[in-house]
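The values are calculated or read from the model by the stated rules, or taken from the named source; none is laboratory data. Note that the structure is predicted; figures quoted are calculated from it, not measured. All Cβ positions, glycine included, derive from the backbone under ideal geometry; neighbour counts span all protein chains shown. Protein only, heavy atoms only, side chains kept; ligands, DNA and RNA dropped before computing areas. Shrake-Rupley method; radii C 1.70, N 1.55, O 1.52, S 1.80 Å.
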Amino acid sequence: QEERVSADLETPLARREMETLFQEQPETGNPYLEDALLQSYLKTHLPPKVLEEMNQDLEGFGYRLLAKIKPLGQECELNPPVFRQYDAWGRRVDHIITCSAWKRMKEIVAEEGLIAEAYERRYSNWSRLHQAVKLYLFAAFSGGFTCPLAMTDGAAKVIESLGVPASLKNAFTRLTSRDPKKFWTSGQWMTERRGGSDVANGTETVARKQPDGTYCLYGFKWFTSAADSDVTLTLARVVDAEGQVKQGSSGLSLFFLKVRDEEGKLNSIRVQRLKDKLGTRQMATAELWLDGAKAELISPEGRGVASISNMLNIARIHNITSAVAYMRRMISLSREYARRRVAFGKLLKDHPLHMQTLARMEVQTRGAFLLLMEIVHLLGLVEANMASEPEQLLLRLLVPVTKLYTGKQASAVALEAMESFGGQGYMEDTGVPVIVRDALVLSIWEGTTNILSLDVLRSLSKSQGQAMAVFSAVQKKLELASSTAKLEPAVRQVQGALSRLAQFMQAAGSGGAATMELAARDFSYTLARIYAGALLIEHAARPDASHTDIAAARRWCNQELCPVARESGNGSYGA
């Protein structure tokens, strides 16, 4: 032994025999079969025949995620798109090159009907929920492909809302196709140099009418996600006979255009550069010049913002779906790691403080998941013409509330979960940093927290207070739980929060618009927390509810459910 030690000391460090140091890699199984909350939700709400068919589809999709989609997503991260502006002979080509995995991902999403499912309506009002569940399972493995899907779904929704005009029938068929050879993806070219969410004042692109009735668009699009899409919807201002354009939102019209012509050449579009982003690197985001791009006016002139609202609504729901998916994926990895990693003489799962941290993340994820399910259930009713007016008002209110809240939740949960891996969570090749980076954009895409908080106030104003009355009916979800002793404290906390919210609303009415604007973010958080609390209680009141269901409802309701009343009492909204 002494001779061996002596020999080692004489050997250069790099060549010594060293014990291999490694940690157990967390391995998760079929994401559908391992998601107890998802399965219990579907069992509770779906008709038996629909549940049977969906269950078979989702189980098979779960195995495909592990075997095919997950490796493709990893390849997309390792091989981001590149931009080739000129060919070898100096000709400008503006070619955005994506990897083979990205192209294969497009084929798979068509085969799986990730857009088609919502428009075939095989399950009537449950079709949208079926699509949302598949997207929820897909998002964390997708290699960033959820973004083009969000815009594709939104474009299909806009075209459907217009009655699928004859000129757009082929586009609608392709956007909702299950045939990989026919399937198209769509962009959403809204953001320009002068504004992000402020499209009314920030849109400079103009549209000049041509003799054949089409339009040529001229302008600069500052941030175009999924720039490799086949088609896009975009806003522009129509130039009148005097060469003038109308400013403000009433001057904006909605256009449809193909990105390339039949020969594969760009439609008078020049690519300036690809964006160098913190996350979502798998997807091409570009700056584009429209230099006479041929387009079709698809909205009434000056009604572009109203016409594209369906697209924004769908995109926000996709944003929520990705937020919940990232949270669930990070918790699954963290939980599995806790079963394998030994620290201080025992597994992480045997350290109470560590498990308490995971439990808190689980509670946040459950609340977000049930909010998502509530929204897609309501959307399904609307699309099947089965929604009442109160349900339509509730959907309009819950989408911005849930989008802004889950965007914040996703960032917090992802960072907390990263920490649960210690230093390994900071290593690129574990895959954990990818999810963290991609989650951070979810509070920005489709409207930041403050922008959406103001949108919540607009929804109340436009409904003349009816939306708030509909929201207050959330108390009906507490009825079943009122006789359940273990849920009584949670029920009282939600009822108390509703009472404090009503008091705030009454007091804020005399404070004017400035008070409500200052309170908008806390007000939106309050709506999210109260409604999620009621959903968790409702789920925990089922006869076959688990101990985890009950504990999650109680933990959620132990937090401050009405931050707007607390901050108002502290004078936060004073002059």
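Key figures
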| quantity | calculated |
| --- | --- |
| First in region 204-225 and of a type in the set (Asp, Glu), second anywhere and crowded, with 16+ Cβ neighbours inside 10 Å, Cβ under 6 Å, 6 or more apart | Glu204/Glu192; Glu204/Gly219 |
| Single match in Gln25, Gln56 (criterion: surrounded by fewer than 19 Cβ atoms within 10 Å (Cβ to Cβ) and not in a helix (DSSP H, G or I)) | Gln25 |
| Answer from Ile530, Ile435, Ile537, Ile451 - the residue that is in a helix (DSSP H, G or I), modelled with pLDDT of 95 or more, more than 29 Å from Ser334 (Cα to Cα) and not small (Gly, Ala, Ser) | Ile451 |
| Selection count where residues are under 20 Å from the mean Cα position of the chain (by Cα) and at pLDDT 95 or above, scope region 190-223 | 0 |
| Hits in region 217-237 (condition: of a type in the set (A, V, I, L, M, F, W, C), open to solvent by less than 20 Å² (accessible area, probe 1.4 Å) and part of a strand (DSSP E or B)) | Leu217, Phe220, Val231, Leu233, Leu235, Ala236 |
| Unique residue being of a type in the set (A, V, I, L, M, F, W, C), under 13 Å from the mean Cα position of the chain (by Cα) and under 21 Å from Gln39 (Cβ atoms) when the list is Val376, Val363, Val399 | Val376 |
| Residues being surrounded by 14 or more Cβ atoms within 10 Å (Cβ to Cβ) and either touching a Ser or Thr at 6+ places or on another chain (Cβ under 6 Å) or in a loop (DSSP other than H, G, I, E, B) (or both) - total across region 258-288 | 14 |
| Qualifying residues in region 73-110 (those that are among the acidic types (Asp, Glu) and under 22 Å from Gly431 (Cα atoms)) - the one least open to solvent (accessible area, probe 1.4 Å) | Glu77 |
| Cβ-Cβ under 7 Å pairs, at least 6 apart or on other chains, region 426-445 side under 16 Å from Leu78 (Cα atoms), far side among the acidic types (Asp, Glu) and surrounded by 15 or more Cβ atoms within 10 Å (Cβ to Cβ) | Val434/Glu77 |
| Among residues of region 166-186, those that are assigned to a helix (DSSP H, G or I), within 25 Å of the chain's Cα centre (by Cα) and touching a residue at least 12 places away in the same chain (Cβ under 8 Å), counted | 4 |
| Any chance Arg193 is without any contact (Cβ under 8 Å) to a residue 40 or more places away in the chain and closer than 21 Å to Glu446 by Cα | yes |
| Region 382-398 residues that are touching a residue at least 24 places away in the same chain (Cβ under 8 Å), paired with ones that are open to solvent by less than 60 Å² (accessible area, probe 1.4 Å) and of a type in the set (Gly, Ala, Ser) (beta carbon under 6 Å, 6 or more apart) | Ala384/Ser124; Leu393/Ser463; Leu393/Ala467; Arg396/Ser459; Leu397/Ser459; Leu397/Ala467 |
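Residues are listed down the side, and each one gets a yes or a no for (1) open to solvent by less than 10 Å² (accessible area, probe 1.4 Å); (2) under 17 Å from the mean Cα position of the chain (by Cα); (3) among the aromatic types (Phe, Trp, Tyr):
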{"position": "Ala412", "(1), (2), (3)": "no, yes, no"}
{"position": "Glu416", "(1), (2), (3)": "no, no, no"}
{"position": "Gly425", "(1), (2), (3)": "yes, no, no"}
{"position": "Leu442", "(1), (2), (3)": "yes, yes, no"}
{"position": "Val456", "(1), (2), (3)": "yes, no, no"}
{"position": "Phe471", "(1), (2), (3)": "yes, no, yes"}
{"position": "Lys477", "(1), (2), (3)": "no, no, no"}
{"position": "Ser483", "(1), (2), (3)": "no, no, no"}
